[in-house]
Structure formats: structure tokens, C-alpha cells
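Engineer: Structure below; questions to follow.
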Amino acid sequence: MPGKESAYHDRLKRLPERIFALLADRPPLPEDQLLKKLNIARSPGKGLFKLYGQYRREGWLVRDDEGRMTIRTRHGHLRINPRGFGFVMNTEFPGDDVFVPERWFFGARHDDDVLIWYHDTPNGLEGRVMNVLSRATNEVTGRLERNRLGWRVIPDDARKPVVDVTLPNGHKARPGDMVQATITEWPLDPRRPVRGEVTRTLGSPLQPGVDVSVVALEHHLPLEFPRPVLEEANRLPDSVQESDWVGRLDLTDELIVTIDGADSKDLDDAISVRALDDGGFEVGVHIADVSYYVKEGSPLDLEAMQRGTSVYLVDRVIPMLPERLSNGIASLNPGVLRLCVSAIIRLDRMGRRVHAEFHRSVIRSRHRLTYEGVNAILAGKQDDVEHLRPFLETAVHVRHLLRELRQARGAVDFDLPESKVVLDVNGFPVDIVPRERGLAETLIEEFMLLANETVAHTLLEYKLPGLFRIHEEPGDRMEQFREMIGALGYRLPEKVTPKHLQDLIARVKGKPEERVVNSALLRTMKQARYQPENTGHFGLATDEYTHFTSPIRRYPDLWVHRILTGWMEKRATGDTLARWKAKVAEIGEIASQRERAAMEAERDSVALKEAQYMADKLGERYDAVISGVTNFGVFVELPNLIEGLVRMEDLPPDYWVHDPVHYRLKGQRTGREYQLGQPVTAEVVRVDIPMKRIDFRLVQEGEARMPAKRRQKV
């Protein structure tokens, strides 16, 4: 009897799998036929039939129009919340995510591509993972520990698996070191351990830079270049050779300067500008001729394509191209000859483009200017380069003309403040300050936008297989944004144009809700991406846009240079043109994916340092503004742009009701409200450095400080 009872319980336990196997991606079955295949008798007293009936009542089993039984399935990515539950997301069903309780993960991990079986509940869609289609994680970075059974790697992110590992011969890893492990075996039984082997040792987590290296590896960013790539880079010359001049325009006598951040090393763009006798202007945008050194299909080219972009982490740059190229022969350092692709653009007195031409050129930058230095010159605070003032004043005048034209057509200008993390020599954050942005930064921005639009126009005019930077209309998310600003007293028309959004930005400027509205609008906008078909750029309100101005750090720009110079030199014909057209879509997809990974890694590296910075600020109070309202608490943002969560349990005692229409929480007992954009005082109560999370509580006027025992640091 015990054997029969055990078999019966096994049948109960496996009923969902058997139903799924019969109905998933298969035609619906008449109920009698389904029950027969499941070997279930219609008897209310039988456990199997009772469980089957429960699935029907709860909507897991659905009767179609012809009375047959079926189920609803969907695939998507499982995003696991640190608190345990998850959601399966699919871009084909925006805003229609499926909630998955932890007990129904069935071995799936964060970001895995999964197949789920789902049903409707009063709180929305709920599902269970039935199959892992592909794993998001093949490598895990974490702390190496030893126990009586061997070694294991424990990731900081609890959503990733603990991996039982073997160590390579001659390893130097010690318990407590941060290591990377490659997963070699995913068990069929989720209760069994994941197995792997250590492939990289990063060192003690206390060593400077190890924490950011972990962030880089978590986002699959390469920390070194392969040997063939470095060997090719090392064969490049240190200086411009006599043979390089052939067919190039000599611009070495022109006043050309670079303007970059003080800590920039890869100087890939320079500018020139002069007023013309007819009242117009000639603008030169001179971009390092990287494609001259990086030949199509070479190790350098293939590595750059896979990297897609340079990544600017909080303490380092992970470059797209080796330093010998990016900081050497392709960097427009002052006083030395450099090869460029120059866009010479003629503007009328109103700043409108009337003519453009492109040349492979040789330049010698006269000055390596910084944003801070240019702003000081324009403000009359730096006189050692006073001779540059007329040049810079002309450039600023052109900048004003270009900006006015762009704003007139409705381009959305996000003037969002950015934070800068100040690190000491050990990589520890000692301050977080807003990043300054002055005239010099916007001057270069306008000149680069002009060049990018001009190149895009040429690519389209001659039907060249360029990569266009496209930005689509916001779509469904605009309705949610419209509701949010409605709660703050602002309105948008039904059909929203970039001009309407720019007017909204102007209306909120200088008001307490400015940062909240601008940040929410930025999240509402779709992410720009690369593709061979030009469909315009919504945010810039332009029909023609590409990326041309940064070939050292963005592969799409390098590709556009290759196409443009091929056309200029009449090489874009026949088989070459056909090959480029066949490749361009794949390159655009890779570049878009790598750009998203880079952005996420950059955000995570800053969030890590923000958490480290706030870890010893427990109990300290700050002026803040409510930047988000949810059914589990409110988000607050400090003046230094650090954002954190006030959990529902850390709000003042009350029964809090979430009002999603007006973006507020309201206390039923006290009537107190917390609304989006509201100024508050926030006190730091918890910091979880591994999860990069900061928790606050809201302080009431005249309230004494919270007891220290309620504050905790992880």
C-alpha cells in the first residue's frame, strides 16, 4: 500500500506537467478525451479529479467556443525581484507582464527565457514556469568559499545561482576572493547544485577596482583585448606617414581645436569655424579617420564590432579600440599631424545649411581645449589664450543659431542634471556632486548634431548602406506619462509632437517638479537604436540622422566612415556595395544591443558607488523630492541625484492606499498624502551595497531621530 500511495501522490504532483504536455502548442481536446488521456475518473471524491476541477475553476484550463479544453501559454524573460517573486515580460505584450510566485520558478533564474502557463486572477495575470528555453547566465561572478564538500561561488546578486566549482591547476585564488566561474552543468532537478569551473580570479574585494570589475563581468564586458587585436594595433605607426597624405586635403594651416572634458584621452573630434563675407558661416567638423587604420574584416575591426561601443564605468573606460589607437595615432592631440574625415558645411546668416562637402584630410590641432577652460574664456576669467576669444565667440554665435532652428522645429532638449562620483586613490567614493554643463558643452553638441544630420542627408541622397540613428514615437507609454503629469496639473494633447514635449519642459523649468517630469519623460521615450532603414528621430525632430562623430568609441560611426569614404573615393560599387548592404542590418542589431548593455553597466557602476557612499550616512537626514509612487512605497531623490526607496513599512503608521491615477499614497486614518514631486525630508535607514540599494524613511516635522537599532547596513 505505501508504494501505491506514493505513486498516487506522484500523479497528483505531476498533473500540471501532464496537462501542459497534452495541451501546450497542441490543438484543444474535448474534455472527456483529455480526462481519458490523464487517466482521471469523474468522481468528486477522487483527489485527481478534485485537483483537475480546481484548475478549471481557477482558469488554468480554458474551454473554447466549441467546448474543448485548452491552456494559455507565453514565452518571455523572467525578471526576478530581490524580494523573491518575478514577472515574465515580453515586448509583444507591453504592460501585460505575468506575475510568477517564487514557488513556481521551477529552476528558472533571473533573465532566463522561459515558457509559462498562465491564467487570470483578480490582481492580473499569474503564471508558472514550465520550461527554460534558454539561460541568460553562463558565467557567475562572486565570492569564493570553501566548505566540507569543496568550493563554491556565491554571487552578490541573490537572483543568480550559487555554483559548486572546481579550481584550475595552479590557481592562486583564496577563500573570500572574487572570482568568475563558467557554468558547465544545469541540473534537471532544480534542487540539485549548479556546477561550474573557476575561469578568472579578480582578487580580494578590498582591492581597488575589483568591485567595478565585478560589475563589468556581470554585464559581459571584456576586460582585455585578444592577443591578435593587440598585435595588429602594435603594428600601427606612431605618426602620420608621408604616404598617408596622398589624395588628402591639407588643413594644417587652419585654426582647428578640440574641446573635450579635462580627463578625456580619446580626442576624436575637432572643430573650425569662420564668418563669411556674405554674412554666413563655414563650419568644419573634423573627425579622426579611424577607418583608415581599422580595415574591414581585420582582427581590430571584428573586435570593435563585437564590443560595439566604449563603456564609461565610474572608475575606468573599457575602450572599443586598443589604447595605442584610441589614445595614440587616432587621437587628435594638439600640435601633431593627424588624419581626419572633414565635413565642411556652409550655413547662411540664419544658420541654415546651404552646402556641404566631405574630404579625407590632414589637420594639426592648435589647442586641446577643455569645457571648463572654454567656459572660463567666454566668461572673461582666463586670459592666457585671449587670442582664441574671437574664434570662440563666432562658434558660440553659430551654436545659438543652430539651437534656435532645432528648438523651432520642436526638438526635445533634456537638460537633466547628471551626477559625478568623486573617488579617492583606492576607488572609494568621497563625494557625489552634480556635473556642470555650460556653453562649451552645448557648443560641441550643436556642431556634432549638424555634422550627423549632414552625413545622414548624404547617405540618403546617394542611397548608401549607412546605419541610421532612429528614434520612434513614444507609443503606449505616453498615455501613462500623460496621466502622471495630469496629477501635477499639466496637460498634453491627444496627438503629441516633439514640440509639445519641448513646451512642457519649458513650463516645468525651475519648479519643484522639474526633475521628476523630465526624468519621467525620458523614461517614456523609446530608446534610440541603429538600423539601415531611415525612419527619422522623434526626439531631435529630424527626418535624417546618423552617428558620424565618434568612430573611436562607437562602431556605427566607424561603419558610416567606411561607407562615406568608400563613396568619396568611388569604391562603393559592385560587389563591395552588395557586401555592405548584406551586413548592415546585423551590425545595427549588434550595436544597439551592446549600447544597451553599456548603459546598464554604467548605471550599475554608479549605483554601486552611491551605495558605498551612503553606507556610513545611516540616520542622516536630507532634503528630497518624491520621484516615484508605487503600491509598495515611494522613491525619493536627493539634491546630489541619489535615489532610494521608502518602503511601505517605513512610512508613518497609517493604512496607506495607492492612488495610481494621481500618483499618490493617502493615509485613510490621518488623511496625510504623499504625491509625486512633493518636497520631503528623508532619513537613511538601510544600505545594501551588493544589491546597490538605499532605503529611506520620511521624517515628519519636529520628529526626533529614529532609534539606531532600526537602522541597518548590509
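Engineer: Please go through the range 516-532 and pick out each residue that is more than 30 Å from ALA270 (Cβ to Cβ) and either without any contact (Cβ under 8 Å) to a residue 12 or more places away in the chain or touching a helix residue (DSSP H, G or I) at 6+ places or on another chain (Cβ under 9 Å) (or both).
Structural biologist: Residues satisfying the conditions are VAL516, VAL517, ASN518, ALA520, LEU521, ARG523, THR524, MET525, LYS526.
Engineer: Just to confirm my filter: which strands (runs of 3 or more DSSP E) fall fully inside the range 240-342 and include at least 1 residues that are in contact (Cβ under 8 Å) with a residue 40 or more places away in the chain and under 30 Å from PRO429 (Cα atoms)? Spell out how you get there, then give the answer.
Structural biologist: Details: elements: 257-260, 269-275, 281-288, 311-313, 316-318.
Output list reads 257-260, 311-313, 316-318.
Engineer: Suppose the filter is among the β-branched types (Val, Ile, Thr), in the same structural domain as GLU589 (by TED's automatic domain parsing), free of Cβ contacts under 8 Å to residues at least 60 places away in the same chain and under 30 Å from THR394 (Cβ atoms); does THR442 pass it? Show your work before the answer.
Structural biologist: Numbers: among the β-branched types (Val, Ile, Thr): yes; in the same structural domain as GLU589 (by TED's automatic domain parsing): yes; free of Cβ contacts under 8 Å to residues at least 60 places away in the same chain: yes; under 30 Å from THR394 (Cβ atoms): yes.
So THR442 fits the description; yes.
A quick yes/no check of all residues on (1) modelled with pLDDT of 95 or more; (2) of a type in the set (Val, Ile, Thr); (3) in contact with a helix residue (DSSP H, G or I) (Cβ under 7 Å, 6 or more places away or on another chain):
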residue: GLY247; (1), (2), (3): no, no, no
residue: LEU267; (1), (2), (3): no, no, no
residue: GLU282; (1), (2), (3): yes, no, no
residue: LEU302; (1), (2), (3): yes, no, no
residue: GLY308; (1), (2), (3): yes, no, yes
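Engineer: Within 30 Å of LEU332 (Cα to Cα) and touching a helix residue (DSSP H, G or I) at 6+ places or on another chain (Cβ under 6 Å): is that true of HIS537 in this structure?
Structural biologist: no
Engineer: Those residues that are surrounded by 12 or more Cβ atoms within 10 Å (Cβ to Cβ) and of a type in the set (Gly, Ala, Ser), I need them from the range 488-534; list them, please.
Structural biologist: Correct list: SER519, ALA520, ALA528.
Engineer: Hey, another quick one. Tell me the residue from GLY539, GLY489, GLY510 that is part of a loop (DSSP other than H, G, I, E, B), closer than 30 Å to SER627 by Cβ, small (Gly, Ala, Ser) and within 19 Å of the chain's Cα centre (by Cα), please.
Structural biologist: Details: GLY489 fails: within 19 Å of the chain's Cα centre (by Cα); GLY510 fails: within 19 Å of the chain's Cα centre (by Cα).
That would be GLY539, the only listed residue that is part of a loop (DSSP other than H, G, I, E, B), closer than 30 Å to SER627 by Cβ, small (Gly, Ala, Ser) and within 19 Å of the chain's Cα centre (by Cα).
Engineer: So which residues in the range 198-230 are crowded, with 16+ Cβ neighbours inside 10 Å and touching a Ser or Thr at 6+ places or on another chain (Cβ under 6 Å)?
Structural biologist: Those that are crowded, with 16+ Cβ neighbours inside 10 Å and touching a Ser or Thr at 6+ places or on another chain (Cβ under 6 Å): LEU202, VAL212, VAL214, VAL215, LEU217, GLU218.
Engineer: Output the residues belonging to the range 413-463 that are surrounded by fewer than 15 Cβ atoms within 10 Å (Cβ to Cβ) and part of a helix (DSSP H, G or I).
Structural biologist: GLU461
Engineer: Return only the number of the condition from (1) at positive phi; (2) touching a residue at least 40 places away in the same chain (Cβ under 8 Å); (3) loosely packed, with under 14 Cβ neighbours inside 10 Å that GLY380 does not satisfy.
Structural biologist: (2)
Engineer: Hey, another quick one. On the basis of being assigned to a strand (DSSP E or B), among the aliphatic types (A, V, I, L, M) and under 24 Å from ARG14 (Cβ atoms), does VAL129 make the cut? Reasoning before the result, please.
Structural biologist: Values: assigned to a strand (DSSP E or B): yes; among the aliphatic types (A, V, I, L, M): yes; under 24 Å from ARG14 (Cβ atoms): yes.
So VAL129 fits the description; yes.
Engineer: What do you reckon, is VAL294 surrounded by 16 or more Cβ atoms within 10 Å (Cβ to Cβ), under 28 Å from GLU372 (Cα atoms), β-branched (Val, Ile, Thr) and in the same structural domain as SER550 (by TED's automatic domain parsing)?
Structural biologist: no
Engineer: Condition first: in contact with a Lys or Arg (Cβ under 9 Å, 6 or more places away or on another chain) and part of a loop (DSSP other than H, G, I, E, B). Now tell me which residues in the range 349-382 satisfy that. Don't jump to the end; show me each part of the working.
Structural biologist: First pass over the range 349-382, keeping only residues in contact with a Lys or Arg (Cβ under 9 Å, 6 or more places away or on another chain): 351, 353-357, 359-365, 371, 375, 377-378, 380.
GLY351, SER365, GLY380, listed by residue number.
Engineer: Another one. Check the range 454-461 and report whether any residue there is within 24 Å of MET525 (Cα to Cα) and assigned by TED's automatic domain parsing to the domain that holds ALA379.
Structural biologist: Looking only at the range 454-461, we keep the residues that are within 24 Å of MET525 (Cα to Cα), and these are 456.
From what's left, assigned by TED's automatic domain parsing to the domain that holds ALA379: 456.
Yes.
Engineer: Report, by residue number, each residue of the range 130-171 that is under 24 Å from the mean Cα position of the chain (by Cα) and either more than 20 Å from ASP112 (Cβ to Cβ) or among the acidic types (Asp, Glu) (or both).
Structural biologist: Those that are under 24 Å from the mean Cα position of the chain (by Cα) and either more than 20 Å from ASP112 (Cβ to Cβ) or among the acidic types (Asp, Glu) (or both): GLU139, ASP156, ASP157.
Engineer: Could you pull out the residue among ARG42, ARG26, ARG57 that is farther than 30 Å from ALA158 by Cβ, surrounded by fewer than 13 Cβ atoms within 10 Å (Cβ to Cβ), in contact with a Phe, Trp or Tyr (Cβ under 8 Å, 6 or more places away or on another chain) and not small (Gly, Ala, Ser)?
Structural biologist: ARG42
Engineer: A further question on this structure: Only residues that are of a type outside the set (D, E, K, R), free of Cβ contacts under 8 Å to residues at least 60 places away in the same chain and either assigned to a helix (DSSP H, G or I) or over 22 Å from VAL285 (Cβ atoms) (or both): list them for the range 383-396, please. Break it down stepwise before answering.
Structural biologist: Quick first cut of the range 383-396, residues of a type outside the set (D, E, K, R) only: 385, 387-388, 390-392, 394-396.
Those still in the list that are free of Cβ contacts under 8 Å to residues at least 60 places away in the same chain too: 385, 387, 390, 392, 396.
Hits for the range 383-396 are HIS387, PRO390, LEU392, VAL396.
The values are calculated or read from the model by the stated rules, or taken from the named source; none is laboratory data. What you see is a predicted model, and the numbers here were worked out from it, not measured in a lab. Ideal geometry is used to build each Cβ from the backbone, glycine not excepted, and the neighbour counts take in all protein chains shown.
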